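See structure below.
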Amino acid sequence: MENIIEVKNLTKKFGHFTAVDNVSFNIRKKEIFGFLGPNGAGKSTTIRMLTTLLRPTSGDATIASHDVVKKQDQVRKHIGLVAEKIILYDHLTARENLEFFGRLFHLPKDEIKRRSEKWIGKLHMTEWLNAQVGTFSTGMKQRINIVRALLTEPDILFLDEPTLGLDPQTTHMIRGFIRELNNQGVSVLLTTHDMLEAEELSDRIAIIDHGKIAASDTVENLKKRAQKENPTLEDVFLAITGKEIRDVTNGRVATRGHMHGPIRANNRVR
Ligand SMILES: Nc1ncnc2c1ncn2[C@@H]1O[C@H](COP(=O)(O)OP(=O)(O)OP(=O)(O)O)[C@@H](O)[C@H]1O
Ligand SMILES: [Mg+2]
């Protein structure tokens with residue numbers, strides 16, 4: 001099957017600290033690819049490089065065969081990004097926000113209107129189109145944020161923790177929506193700390209830890225590696241990444257982490 005994303009030896013250093021360390025993986029067309037890892041593992045940094053927001057220190061990545069550094073304009077035509085933080089203006093209405101971002105993407109006004117209304121309808125937000133975003137709940141804001149990412153009708157959607165802080169109802173709806181988009185042919189890179197969500201949605205999963213890919217496979221195959229009967233994805237994740245809490249800032253590791261010793265190394269599945 002054809003790859004829509006190819007990542008080879010991608011590395012990002014912040015000063016002396018290596019946040020993403022020689023990462024390689026491919027995402028196939030029409031695949032939902034779960035990109036998992038502990039806090040600070042390098043997921044969002046990888047996404048920022050793939051979405052042209054951050055320049056890699058070294059390595060290569062292509063989106064639909066376009067190099068993310070040399071062909072940024074082409075790359076941007078293919079991608080939509082739901083970033084970690086909701087990017088919307090509270091003092092504008094949902095419609096005004098979408099008009100603003102649509103214009104940034106150089107879309108014609110009637111096209112912005114058509115697309116906004118289509119996606120807003122699918123996410124059950126039509127009633128709130130002319131209400132101020134500042135008055136919305138987190139779940140309502142996130143749905144507008146997702147519409148914003150879809151304005152360019154991307155064939156690859158990057159979702160960086162899209163259901164973080166949402167109630168079960170909104171989470172359920174958004175998961176269904178992701179599946180529906182994928183059924184229509186949109187490839188997805190999804191990060192989440194919810195192991196059930198990852199398992200439910202992902203065709204394949206990569207686990208990144210300390211900037212390096214620790215495992216990459218289907219959920220089924222990952223589970224085969226765990227030395228436990230009927231393992232959950234959480235069992236597999238903890239076996240691969242260990243139980244040590246990641247208190248890291250810009251490469252500086254909290255001393256508490258060291259007190260627990262090298263749990264990670266001993267617990268590796270491979
Ligand atoms: N601009 C930056 N300058 C310095 N260090 C950074 C910068 N951005 C990220 N980092 C560091 O790089 C590491 C990876 O961060 P990143 O945000 O990619 O992690 P993550 O896997 O997305 O984690 P989380 O699950 O908490 O979102 C962290 O240690 C973080 O402190
Ligand atoms: Mg992150």
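Derivation of every value follows stated rules applied to the coordinates shown; laboratory data play no part. Keep in mind the model is a prediction, meaning the values are calculated, not measured. Positions of Cβ are generated from backbone atoms using ideal geometry, with glycine treated the same way; all protein chains shown enter the neighbour counts.
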Here, trypsin sites (Lys or Arg not before Pro) of the stretch 2-107 satisfying both criteria (DSSP loop; at most 12 other Cβ within 10 Å) are LYS70, LYS85
For the chain, take the longest principal axis of its alpha carbons; what is the angle in degrees between that and the long axis of helix 168-183, to the nearest 10 within 0 to 90?
90
Return the Rg/Rh ratio of the chain with Cα-based radii and a Kirkwood Rh.
0.98
I need the trypsin sites (Lys or Arg not before Pro) found in the stretch 197-228, filtered to DSSP loop residues with at most 12 other beta carbons within 10 Å of theirs.
LYS228
Would you kindly compute the Cα radius of gyration of the stretch 64-103 and its largest Cα-Cα separation (Dmax), both in Å?
13.5, 39
Indicate, rounded to the nearest 5 percent, the antiparallel portion of the DSSP beta bridges found entirely in the chain.
60
Hey, what number do you get for the chain at 222 nm if only DSSP H runs of n ≥ 4 count, each worth -39500 (n - 2.57), divided across all residues, to the nearest 500?
-10500 deg cm²/dmol
Taking the chain as the reference, fit the longest principal axis to its C-alpha atoms, fit the long axis of helix 94-104 to the helix C-alpha atoms, and give the angle between the two in degrees, 0 to 90, nearest 10.
80
Per GNM of the chain with C-alpha springs under 10 angstrom, the most fluctuating residue out of GLN169, GLN142, GLN74 is GLN169
The stretch 1-21 versus the stretch 47-98: alpha-carbon centroid distance in Å:
15
Residues of the stretch 57-97 with the amide nitrogen closer than 17 Å to a label point 7 Å from the Cα of HIS193, along Cα-to-Cβ, please.
83-86
Projected label distance in nm at ASP203 and LYS29, using a 7 Å step from Cα toward the beta-carbon:
1.1
With loop defined by DSSP as not H, G, I, E or B, and exposure as at most 16 other Cβ atoms within 10 Å, which is the longest segment of the chain clear of exposed GluC sites (Glu not before Pro)?
85-228
Under a 10 Å cutoff between Cα atoms, tell me which one of ASP155, ASP247, ASP60 has the largest fluctuation in the Gaussian network model of the chain.
ASP247
Looking at the stretch 60-165, I'd like the Rg to Rh ratio, where Rg is from alpha-carbon atoms and Rh is Kirkwood's inverse mean 1/r.
0.99
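State the extension gain, in nm to one decimal, for the chain segment bounded by GLU2 and GLN72, taking 0.36 nm per residue of separation less the distance between their alpha-carbons.
Stretched fully, the GLU2-GLN72 segment lengthens by 23.1 nm.
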Students often get this wrong: which residues of the stretch 91-111 have the backbone nitrogen under 19 Å from the point 7 angstrom along Cα-to-C-beta of ALA131?
91-99
Mean-square fluctuation check for the chain, GNM, Cα pairs under 10 Å: which of SER58, SER202, SER187 is largest?
SER58
